[in-house]
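Presented below is the structure to which this report refers.
The values are calculated or read from the model by the stated rules, or taken from the named source; none is laboratory data. Since the model is a prediction, treat every value here as computed from it, not as a measurement. Cβ: placed from backbone, ideal geometry, glycine included. Neighbour counts: every protein chain shown.
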Amino acid sequence: MIHPSYVDLMNVVNKGVEEGEEPVISSRYSIVMATSKRARQIIAGDEVMIDASPRDKALTVAVNELYQDKLGILTDEEKIAMAETIAKKNAEADAEESNTEKAGDKEGKKEDKKESKKDSEESAEV
């Protein structure tokens, strides 16, 4: 028998769902897709979120992360909300970066004016 079982994993993922609400996942397919995606991330170099043996394969680590509640599966609404939050943060960071660049440009122009004024004064002295 495989441990943890699909039922155990589904119970972990759906633990916050109250009775009568739709579960986050209701099929083994969702478990397989989530753990395989996480395993690919681990293979690509993402940090492991649990204490795992170096001998453990990426899929084993992903399953254990899900079972230990270190990894979650988002509902469609949560995905949309997270995407909006990320987009908002990116827009704020872009705006801040743009403001920083503008401030740097102004500072550079001031320095250019000072240098050209200094050059003008030096040439007038000669």
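Quick notes
- Residue satisfying condition, being in the same structural domain as ARG28 (by TED's automatic domain parsing), of a type in the set (Gly, Ala, Ser) and surrounded by 10 or more Cβ atoms within 10 Å (Cβ to Cβ), within set ALA91, ALA58: ALA58
- Residue tally, condition more than 13 Å from ILE73 (Cβ to Cβ) and either loosely packed, with under 11 Cβ neighbours inside 10 Å or at pLDDT below 90 (or both), over region 23-52: 4
- When region 65-89 is filtered for residues that are within 27 Å of VAL7 (Cβ to Cβ), without any contact (Cβ under 8 Å) to a residue 60 or more places away in the chain and not in a loop (DSSP other than H, G, I, E, B), the ones remaining, listed by number, are GLU65, LEU66, ASP76, GLU77, GLU78, LYS79.
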